[in-house]
Amino acid sequence: MRTGISLRTDFDAEGLRRLARQSKHGGQARRLLALAAIYDGGSRSDAARLGNVTLQIVRDWVLRFNERGPDGLIDGKAPGPKSLLNDQQRAALAKAIEVGPTPYLDGVVRWRLCDLAQWLWEEFRVSVSEQTLSREVRAMGYRKLAARPKHHAQDPQAIEDFKKASPPQWQRSQAGPLKGNE
């Protein structure tokens with residue numbers, strides 16, 4: 001029977017229990033307590049039962065703990081899928097957004113996500129959904145801005161006249177401030 005991978009010598013069971021109490025991550029606390037059981041002389045099987053995992057997972061915890069210490073036992077964020085656009089394509093997209101569309105070439109007067117997705121396909125043969133393109137554009141620092149709609153027959157002079165003629169919602173009393181019971 002092989003012996004297990006030994007744990008670091010710069011920690012002990014009580015120190016790991018103290019770290020587990022202070023931890024803000026439930027998973028890290030559970031892993032620290034399982035490793036504390038090993039420091040106390042328990043078997044890896046006992047640690048696996050305590051952590052409700054298999055022996056292989058306890059071995060992985062030991063390796064991560066030995067390499068990075070208690071921080072190695074915190075759940076990391078999954079990297080997610082690789083971006084569909086490379087840096088060159090992202091730079092070209094940013095330039096296209098900054099310059100804006102050319103109506104007679106692009107067939108639009110302002111960029112929408114569906115238009116940008118079509119532009120990316122024609123330019124680079126990269127198929128990107130609108131939702132993915134929205135995330136990419138937001139990550140590049142762009143936000144969707146829309147002008148406030150304005151009726152075509154709106155009269156600016158009528159708006160100013162209305163503002164001047166409308167009395168304020170409240171007015172000062174002509175009698176002066178109210179006095180207490182006299």
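Couple of notes before you dig in:
- Here the Kirkwood formula puts the hydrodynamic radius of the range 1-71 at 11.9 Å, using every distinct Cα pair.
- Additional length obtainable on full extension of the chain from residue 12 to residue 74, 0.36 nm per residue less Cα span: 20.5 nm
- Percent breakdown of C-alpha pair distances by 5 Å bin, ordered from the shortest bin, for the chain: 1, 6, 10, 10, 6, 4, 4, 6, 7, 8, 7, 7, 5, 5, 5, 4, 2, 1, 0, 0, 0
- In range of the label at residue 45: residues from the range 51-67 whose backbone nitrogen is under 17 Å from the point 7 Å along Cα→Cβ: 51-59
- Shown is the FRET efficiency for residue 60 and residue 134, computed with R0 = 35 Å from the Cβ-Cβ distance and rounded to the nearest 0.05: 0.40.
- Available extension along the chain between residue 67 and residue 157 is 25.1 nm, counting 0.36 nm per residue and deducting the alpha carbon span.
- Near the amide H of residue 126, within less than 5 Å, lie the amide hydrogens of 121, all on another chain or at least 5 residues away, with H placed in the peptide plane.
- Pairwise label distance in nanometres, residue 84 with residue 108, each label 7 Å out on the Cα-Cβ vector: 1.4
- Note on residue 125 and residue 97: with the Förster distance fixed at 22 Å, the Cβ-Cβ geometry gives a FRET efficiency of about 0.70.
- Kirkwood-based Rg to Rh ratio, the range 102-171, C-alpha trace: 1.29
Values in this text are rule-based calculations from the coordinates and carry no lab data. Computed from a predicted model, the values in this text were never measured in an experiment. Cβ atoms come from the backbone with ideal geometry, glycine included; neighbour counts cover every protein chain shown.
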